[in-house]
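All remarks here apply to the structure that follows.
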Amino acid sequence: MGLETPEGYTALGEATVAAFLAGLPAVAKRLGGGPKDWTVGEVGDGNLNLVFLVDGPKGGVCVKQSLPYVRLVGEGWPMPLERAFFERSCLAEHGRHVGRLIPEVYHYDPLRFAIVMEKLSPHIIMRRGMIEAVRYPSFADHISTYMARALFFTSDLALPAPEKKQKVKLFCDNTELCRITEDLIFTDPYRVHERNRWTSPQLDGIAADIRADCELKLAVSTLKLKFLTRAEALLHGDLHTGSVMVTEDDSRVIDPEFAFFGPMGFDIGAVIGNLLLNYFAQDGHATSDRPRDDYQDWVLETVDEVWSLFQGKFLALWADHPDGDAYPADLFADAEGAEALAAAKHVFMRRLFADALGFGAAKMIRRILGLAHNIDLEWIEDPDRRAVCETRALKLARDLMVNTSDYRTIADVTAAARETRAKG
Ligand code: SR1
Ligand code: MG
């Protein structure tokens, strides 16, 4: 027996999407012709939803629909349909601040829990491009703008408290998606759990060491507490390289269904952690006629740029728009105040950097020892080779999480990544 769903909901299929869109005049006009002229393909390769690409004589659209369960696992793991509502709400909120760095939403259907949005073409999922060693020269600029603006403008640095609280309230109900993160990122990889998997037997010993590593378990639990309690800004919530669609000169952040008010470092860490995973994975994809060293240099340069550009942009926004209830500008109007505020901003950024490293490390560990892996590593066919890459990534991640304060600058992080790789 299927899972119970609200009246009006049925999962769309390739045969029914056209009829659904035909009932939306503005979307139908965008596609051109009529339903018979439209081609539909289901292309969802994520862990949760259905995704259809629809093309007509005039243009295309993308339809994303929640399933009442986790697609990766099946009906045995029910999941609220409302994640589509949170995704659409986040796209609306972030859209006010980041403009064309996300897809345009054309329609939201609250009965079908479906979002009809811009079909990004010729974009591809960034993770896939990076596995092929494709460079994205504008990515660091784009993602740092996205993060700086989305995080700053939804924080207490920019918003009056009542407005911020209303927004927190709206996203507070995204509890089940947060629960996925709480369990899969901050807890499961550090305990025996049937959902976990890893390259076995090669990583059996390391997985056991991690489960016995109290220092690491305390560090990840401290991060989990921050994730649970620190409603700092509206996060994307799952900002890995599979959530960015790219061309050489365009980047669009997609899929913010995990959106909620949480610690800013969680999104920043997700980007950095996933770039570092790719850096280590390259050694599993390199061949003698196609070495990847130059590409690995580019990945680390990108890590550096992402943080450096983010920091500069975030501080610039704080200087230009000190409109929130935190650090009221009139308290710091004189020269002494200005100096004190500058010092406080420095402390803020240092704390944010440390948060990002900790969360980035947690993201790396979960993709190697938890349920949901990523293809950067999964597509390395030879398990021995894959395990070498994964072991290096785990080693760096552990150090980033436990000895976070040793990393004063982003250059310390990229140097440690190189050193970890060089040591084998
Ligand atoms: C059960 S969902 C597993 C993962 O897929 C999503 O992309 C998130 O990263 C989530 O943790
Ligand atoms: Mg996703």
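Structural remarks
- Helices (runs of 4 or more DSSP H) wholly inside the range 129-195 containing at least 3 residues that are touching a helix residue (DSSP H, G or I) at 6+ places or on another chain (Cβ under 6 Å) and under 22 Å from L223 (Cβ atoms): 139-153
- Boolean, L352 is closer than 20 Å to A231 by Cα, away from ligand 1 (no atom under 16 Å from the Cβ) and in a helix (DSSP H, G or I): yes
- The set of residues from the range 229-254 being within 21 Å of T175 (Cβ to Cβ) and either within 16 Å of ligand 1 (Cβ to nearest atom) or under 14 Å from the mean Cα position of the chain (by Cα) (or both) comprises L234, L235, H236, G237, D238, L239, S243.
- Any hit, the range 229-248, residues being surrounded by fewer than 23 Cβ atoms within 10 Å (Cβ to Cβ), assigned by TED's automatic domain parsing to the domain that holds S138, assigned to a helix (DSSP H, G or I) and without any contact (Cβ under 8 Å) to a residue 60 or more places away in the chain: yes
- Some residue of the range 64-74 being in contact with a Leu (Cβ under 8 Å, 6 or more places away or on another chain), farther than 30 Å from I375 by Cβ and open to solvent by 20 Å² or more (accessible area, probe 1.4 Å): no
- Flag for A397 being of a type in the set (G, A, S), buried (at least 18 other Cβ atoms within 10 Å of the Cβ) and in the same structural domain as E419 (by TED's automatic domain parsing): yes
- Residue under evaluation G41, criteria (1) surrounded by 12 or more Cβ atoms within 10 Å (Cβ to Cβ); (2) without any contact (Cβ under 8 Å) to a residue 60 or more places away in the chain; (3) assigned to a strand (DSSP E or B), criterion not met: (1)
- A single member of K29, K36, K58 is away from ligand 1 (no atom under 16 Å from the Cβ), open to solvent by 60 Å² or more (accessible area, probe 1.4 Å), touching a Gly at 6+ places or on another chain (Cβ under 8 Å) and over 25 Å from I143 (Cα atoms), and it is K58.
- Evaluation of K345 against the conditions (1) open to solvent by 10 Å² or more (accessible area, probe 1.4 Å); (2) not in a helix (DSSP H, G or I) shows that the sole unmet condition is (2).
- Conditions (1) open to solvent by 40 Å² or more (accessible area, probe 1.4 Å); (2) within 16 Å of ligand 2 (Cβ to nearest atom); (3) among the polar types (S, T, N, Q): number failed by S221: (2)
- Single residue of P103, P68 found to be modelled with pLDDT of 95 or more and either more than 16 Å from ligand 1 (Cβ to nearest atom) or in contact with a Cys (Cβ under 8 Å, 6 or more places away or on another chain) (or both): P103
- For the range 255-300, the candidate set comprises residues that are within 13 Å of ligand 1 (Cβ to nearest atom) and closer than 13 Å to L377 by Cβ; within that set, the residue that is surrounded by the fewest Cβ atoms within 10 Å (Cβ to Cβ) is N274.
- Against the test of being closer than 29 Å to D267 by Cβ, hydrophobic (A, V, I, L, M, F, W, C) and more than 16 Å from ligand 1 (Cβ to nearest atom), the options V51, V43, V63 yield a single qualifying residue, V63.
- Of the candidates I375, I365, I410, the single residue that is β-branched (V, I, T), within 16 Å of ligand 1 (Cβ to nearest atom) and over 17 Å from Q282 (Cβ atoms) is I365.
The values are calculated or read from the model by the stated rules, or taken from the named source; none is laboratory data. Keep in mind that what you see is a predicted model, and the values were worked out from it rather than measured. Here Cβ is always computed from backbone atoms with ideal geometry, including for glycine, and neighbour counts include all displayed protein chains. Only protein heavy atoms, including side chains, enter the accessible area calculation; ligands, DNA and RNA are left aside. Shrake-Rupley method; radii C 1.70, N 1.55, O 1.52, S 1.80 Å.
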